[in-house]
Amino acid sequence: MSPSFVSDHVERASRWIYGGLWAVLVRWFCVPDRPPTLPVAHGDKCEAFQPSEGFLRYLKFKFWVVLTLIDGAILVGWIVIAAVSPLAGAITALPALAIAVLPDIVAYLAIHLRYDTTWYLMTGRSLRIRRGIWVIHETTITFENVQNVEVHQGPLQRWFGIADVLVTTAGGGSAHAAEGKQTVAATSHQGLIEGISHAAQVRDLILSRLRHSRTAGLGDEKEQTIGNGAWSAEHLAALREIRDLARAAAGTGT
């Protein structure tokens, strides 16, 4: 029984199990089956997208490479046992099959759940990233706070036609003191858009919206002061959220 034969049957069984598992998760555990939402100003639009199908193939490829090695080792071990003692081989055949197959199914389901629960949303002003099953993580980044946008693509990712976009906002990074060997680490704020096929376009779109948000309306690049205090980027972001919500409400007549 070859590892590829086991893999084919595991994939079919996993697909069948996954359909039922997804329905259970959505209904009983309140796992969202729709993308998250973002406030949208009048005349703006919200774009929702998920990782590319190439990302799912990329995850499966790594998954099958590792598990083929593991299943192959289990198969070789069982053959050795059966050659030494046919009775022991017969006794251990079913446990060996279970050890080879069950983890495969669990890992396969986890890959699909990771893919199906990952969402990216973009408006003219902000980006929202959601991922997770048991614990759902949502990260919202306002473009005017973005400090750096990078595209990362390894050799295997290039083969599958995907890349990651890393968005870093103000406050990220770390500083190392030269004397006393003391390290002062600042809080890092990052958003990862992983496994997309149009990474360069997403990067350019974020940079373009970043430039627009800093030169239009309340998005002046100069710091605005009142009395002895100052309007920080966070204050301006909150004001813009209020402005956009008010415009949206006015546009719907509410």
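Based on the Cβ-Cβ distance from S197 to C46, what FRET efficiency comes out when R0 is 25 Å, to the nearest 0.05?
Details: r = 20 Å, r/R0 = 0.81.
For R0 = 25 Å, the calculated efficiency reads 0.80.
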### Query
For the stretch 40-147, max minus min Cα coordinate along each principal axis, in Å, sorted largest first?
75, 22, 22
### log₁₀ of I(q)/I(0) at q = 0.17, 0.19, 0.30, 0.34 Å⁻¹ - the stretch 81-123, Debye sum with one point per alpha carbon
-0.62, -0.67, -0.94, -1.02
## Note on the structure
Reported to the nearest 10 Å², L207 has, with a 1.4 Å probe, an accessible area equal to 60
## Note on the structure
Expressed per residue, the solvent accessible area of the stretch 38-176 in Å² (1.4 Å probe) is about 52
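Hey, with R₀ at 30 Å, roughly what FRET efficiency would N148 and K62 work out to, going by the Cβ-Cβ distance, to 0.05? Walk me through the numbers before you get to the answer.
Numbers: r = 28 Å, r/R0 = 0.93.
Approximately 0.60, to the nearest 0.05.
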### Query
Between R247 and L94, what is the FRET efficiency for a Förster distance of 51 Å, r being their Cβ-Cβ separation, to the nearest 0.05?
0.20
#### Entry: Relative contact order (percent, whole number), the stretch 60-173, Cα cutoff 8 Å, 6+ residue spacing
14
### Query
Per-residue HN-Hα couplings for the stretch 195-201, Karplus 6.51 cos²θ - 1.76 cosθ + 1.60 at θ = phi - 60°, whole Hz, x for Gly and Pro?
x, 10, 8, 10, 4, 4, 5
### Task
Could you order C30, C46 by accessible surface area, starting with the largest, using a probe radius of 1.4 Å?
C30, C46
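The values are calculated or read from the model by the stated rules, or taken from the named source; none is laboratory data. Note that the structure is a prediction, hence the values are computed from the model and not measured. Every residue, glycine among them, receives a Cβ derived from its backbone with ideal geometry; neighbour counts consider all protein chains shown. Just the protein is used for accessible areas: all its heavy atoms, side chains included, with ligands, DNA and RNA removed. Shrake-Rupley method; radii C 1.70, N 1.55, O 1.52, S 1.80 Å.
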